[in-house]
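A short write-up of the structure that comes next.
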Amino acid sequence: MTHVRPIEHFGDAYTLVECRLETGRTHQIRIHLAESGHPVCGERVYSAPAKVEAEDRSGARRVALHAAELGFIHPVSGEMVQYSSPLPNDIRKLLDRLAASHGRHEA
């Protein structure tokens, strides 16, 4: 299960979202968003259903997906382990380009 929450809109074409996973299957976010008709910018493997028009004109050079936070229960110690990572520069630049060309407003 993937919970998706809009964070920021870039016109009507793109939205920055936060995804929280209850499970952790390989490519889960990419598949769930594509199946809903909202593929991740830069996605070239999983596409939207044929009945949904979702052409990616974002200019993303890779899948614009970033694990800002990761947490799990350590299998040996049983302790909760958490990591965080800042947004990479290439994704920050992509967001700035989308804001410049499509406008920006919070969800």
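Readers should treat all values here as calculations from the given coordinates under stated rules, not as data from a laboratory. Keep in mind the model is a prediction, meaning the values are calculated, not measured. Neighbour counts are summed over all protein chains in view; Cβ atoms, including those assigned to glycine, are modelled from backbone coordinates with ideal geometry.
Note on the chain: GNM, Cα springs under 10 Å; of 96, 12, 56, the largest mean-square fluctuation is that of 12. When the chain is treated as a Gaussian network with alpha carbon springs shorter than 10 Å, the biggest mean-square fluctuation among 91, 29, 73 belongs to 73. Placing pseudo-labels 7 Å out from each Cα toward the beta carbon at residue 93 and residue 38 gives an inter-label distance of 2.7 nm. Taken one residue at a time, the phi angles of the stretch 73-86 give Karplus couplings (6.51, -1.76, 1.60, θ = phi - 60°) of 8, 4, x, 9, 7, x, 7, 6, 10, 9, 10, 9, 8, x Hz. Gly and Pro are set to x.
Compactness ratio of the chain: Cα Rg over 2.2 N^0.38 Å, N = residue count?
1.17
Computed about the Cα centre, the dipole magnitude for the chain is approximately 280 debye when only Lys and Arg (+1) and Asp and Glu (-1) carry charge, each at its Cβ.
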